[in-house]
């Protein structure tokens, strides 16, 4: 009934809840307690850092996921991996994040975002360097007509030689318009310390939405309704570089609608555009990578 | 139940006036659900000949920080059908303007506008009541988009 009203009544909107502050990830308790582990061996330093973002669509096949990463040269060279939609279930033994970290030889932090069945669902950051000061922010809640879910941002500081790189992993709601999307991500990106890497699944789909249910398809054939360039433009206005802006789609819906849902933004480093690995088929998204060159 | 009653009244009124010929009901005013405006629209058309009409549909709304305006003039032809029941095809340009208003001070928002074309095909019931159901495609520099809509209105 609520969905029908959303379709029929143009006054419906995705009411966004209040923003929250970053909190220490370890302050979250119970099912939302994060997992943290250091890399078995850490790199000393580097000038150029490979960053990958990948929505792994639950990551059920951890071995297949690890294989896809380690056998794809651009991904195997990842120093920092931002993952969205990872899950942990108690019947599986070590969590999927733990097993993926072991397979990649990386440290990690996994922060449950919501309960999913008998387990949890959330983002994770993997790194070849030590992850310090892991923090979680509850993003403004979007009260959608259907499929509403809490969203968090996960951040950590990564010490690379003399530099401390701030890394923020985002996964935003799907059926938001650009203004709402900005309001949902803004608390996690606006005032971050430099240098900063922001990446994730921003769900920048190709439509303007009405009632967070009806995509304005006809207008999209005539004017630019794609949200990805608009979010890129917003990020440029707050001094982020947009190295993934020209890399093309990161998801193809049934081969009919191509969307650039995933992105990486940098501030305070030299960003070198990388690519989208469209031969990787372990998820509905394709992984995206860039290189970031740290200041001397 | 109220909707059903209203529909019965409208159909009844329509039937009562079905004796008037189609050629006498050359003007039509209607509202669209979905259709050319994406969500809704309002339009008018005039049929100078039995199988040809000229019209325009417009739509405007502000929703969730986005303002979408569209204007779609068209030529309609009725290649099939007789009397009150006909198949129609509409073809015409569409002008669209999208304003994305900024909710924050650090971003100015965005405005884009463009011109494309629309092709609609469907069924029309035209008595005193006008009902259309159609499939359509919009063609523009961003691509081709399928869509559908229904129109309900009155004829004069």
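Coordinate-derived values only; no laboratory data. Predicted model, so just to flag it, every value in this text is computed and none were measured. Neighbour counts run over all protein chains shown; Cβ positions are idealised from the backbone, glycine included.
So what is Rg over Rh here for the stretch A:177-296, counting just Cα atoms and using Kirkwood for Rh?
On the Cα set of the stretch A:177-296, Rg over Rh gives 0.98.
Per residue of B:58-70, what is the mean number of Cβ atoms on other protein chains within 10 angstrom of that residue's Cβ?
5
Using a ≥ b ≥ c from the Cα gyration tensor of the stretch B:72-117 (square roots of the eigenvalues), is it rounded, prolate or oblate, where a/c under 1.5 gives rounded and otherwise the larger of a/b and b/c decides, a/b for prolate?
prolate
Where does each of A:204, A:225, A:174 land when they are ranked from fewest to most other beta-carbon atoms within 10 angstrom?
Going from sparsest to densest Cβ surroundings: A:174, A:204, A:225.
Which translational diffusion coefficient, to the nearest whole µm²/s, is obtained for the stretch B:2-155 from the Stokes-Einstein equation, given a Kirkwood hydrodynamic radius over C-alpha pairs, 37 °C and 0.692 mPa s?
Reported coefficient: 197 µm²/s.
Alpha carbon centre of the stretch B:88-150 versus the stretch A:157-226: separation in Å?
Between the Cα centres of the stretch B:88-150 and the stretch A:157-226 lies a distance of 27 Å.
Counting helices only, and only those DSSP H runs with n ≥ 4, report the 222 nm mean residue ellipticity of chain A as the sum of -39,500 (n - 2.57) divided by its residues, in deg cm²/dmol to the nearest 500.
Here the helix-only value at 222 nm equals -5500 deg cm²/dmol.
Per-residue counts of other Cβ atoms within 10 Å, averaged by peptide: what ranking do you get for B:91-97, A:288-294, highest first?
Top of the packing list down: A:288-294, B:91-97.
Just counting partner chain Cβ atoms within 10 Å, what average do the residues of peptide A:147-155 show around their Cβ?
Rounded to a whole number, the mean comes out at 0.
Do you know the relative contact order of the stretch B:2-155, to the nearest whole percent, from alpha carbon pairs under 8 angstrom that are 6+ apart?
Worked out over the stretch B:2-155, it gives 21 percent.
Using only the alpha-carbon atoms, how far is helix A:178-189 inclined from the longest principal axis of chain A? Give it as 0 to 90 degrees, nearest 10.
20
Show me the three semi-axes of the equivalent ellipsoid for the stretch A:30-133, from the C-alpha gyration tensor (sqrt of 5 times each eigenvalue), largest first, rounded to whole Å.
That gives 23, 15, 11 Å for the three semi-axes.
With every atom except the alpha carbons ignored, what do you get for Rg and Dmax of the protein assembly as shown, in angstroms?
Cα radius of gyration and Dmax of the protein assembly as shown are 26.3, 90 Å respectively.
For chain A, modelled as a Gaussian network with Cα springs under 10 Å, which listed residue fluctuates most, A:216, A:84, A:60?
A:216
Calculate the spin-label point distance for residue A:116 paired with residue A:237, positioning each point 7 Å from the Cα along the beta-carbon direction, and give it in nanometres.
A separation of 3.3 nm, rounded to one decimal place.
On each of the three principal axes of the Cα atoms of the stretch A:58-210, give max minus min coordinate, whole Å, ordered largest first.
Computed over the Cα atoms, the extents are 44, 41, 27 Å.
From other protein chains only, count the Cβ atoms within 10 Å of every residue's Cβ in A:229-237, then give the mean.
So the per-residue partner count for this stretch is 3.
So what's the angle, to the nearest 10 degrees on a 0 to 90 scale, between helix A:227-237 and the longest Cα principal axis of chain A?
Helix A:227-237 sits roughly 60 degrees off the main axis of chain A.
Compute the acute angle (0 to 90°) between the alpha-carbon long axis of helix B:2-16 and the principal axis of greatest extent of the alpha-carbon atoms of chain B; round to the nearest 10°.
Computed tilt is about 50 degrees.
222 nm [θ] for chain B, helices only, -39500 (n - 2.57) per DSSP H run of 4+, per residue, to 500?
-3000 deg cm²/dmol
Residue A:42 versus residue A:26, label points 7 Å from Cα toward the beta carbon: distance in nm?
According to this spin-label approximation, the distance is 1.4 nm.
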